[in-house]
């Protein structure tokens, strides 16, 4: 199948990512327009015919989650009203995935509300990466393809040639994924014990389980906003004798204050993907971005050719890795 037949469109937060996907698969980015009026009203327009086409919309729900989410709803509606055959949303980062449970009285399960809203608007399929928890796939009635940044991030770490690495999970919740990082890197593992007492984006680090003395600590997590947990665990790792510290994040959702905080921390290098178009990152020499766009591009190509995506979970093709690390 000719990749020029693939119809990829970009929302306002997905254009740079979509362009990288198109370069990888040799497709053309579809013509589209997003306008935000002075009072905040959002207007979207498709610039070409999509009748009977399978279309792919690239849009992260990241730094402007409310606007970016609502925009997806309008795009899905526009594509369906223009007689598109199917609408697949490419969701490099899903901010509301953090709202995945009712763990206190009288609160919303926000990820479920988002899932149902997207499906009601006409979305037929979701392709996402490193959702905050696996059960979020169950919030959707439509197919969800869940990709992982792990192979790309691990290859980036390997190229730094860390001496005697130990993978560090900030908490028990990420320990299972941290073990997969450790397997890829041939490393041991340590686990932090943290608690979060409120919604102020501050977590309290209580203890570290595992030996890090004399080793290169590789902190792994899905995302960070305030940088607080990363900074605290880095300081504890130094106290416990780690000789070098690297952090790997699937999503770099760091605020400007967080970037400054991490620049002043013992962390020597922060590796993350381009799933969020974050202007704050350019101010730090510590941050190294690798691209997840080739991984999504490969997934779209396989979906379009009606091929299995399972090889992307265990054995990412070499051309994807090479394109990601550029």
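So that you can scan it fast, the table gives a plain yes or no per residue for (1) out of contact with any strand residue (DSSP E or B) (no Cβ under 9 Å at 6 or more places or on another chain); (2) over 25 Å from residue 161 (Cβ atoms):
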{"residue": "240", "(1), (2)": "no, no"}
{"residue": "253", "(1), (2)": "no, yes"}
{"residue": "270", "(1), (2)": "no, no"}
{"residue": "277", "(1), (2)": "yes, yes"}
Answer from 46, 42, 72, 6 - the residue that is surrounded by fewer than 19 Cβ atoms within 10 Å (Cβ to Cβ) and closer than 20 Å to residue 91 by Cβ: 42
Restricting to the range 275-321, give me the number of residues that are part of a helix (DSSP H, G or I) and over 30 Å from residue 256 (Cα atoms). 14
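Out of all the residues in the range 54-66, which are surrounded by fewer than 23 Cβ atoms within 10 Å (Cβ to Cβ) and in contact (Cβ under 8 Å) with a residue 40 or more places away in the chain?
If the condition is that a residue be surrounded by fewer than 23 Cβ atoms within 10 Å (Cβ to Cβ) and in contact (Cβ under 8 Å) with a residue 40 or more places away in the chain, then 54, 62, 63, 64 are the ones that fit.
Computed from the coordinates by the stated procedures, all read-outs in this text should not be read as laboratory data. Predicted model, so just to flag it, every value in this text is computed and none were measured. Ideal geometry is used to build each Cβ from the backbone, glycine not excepted, and the neighbour counts take in all protein chains shown.
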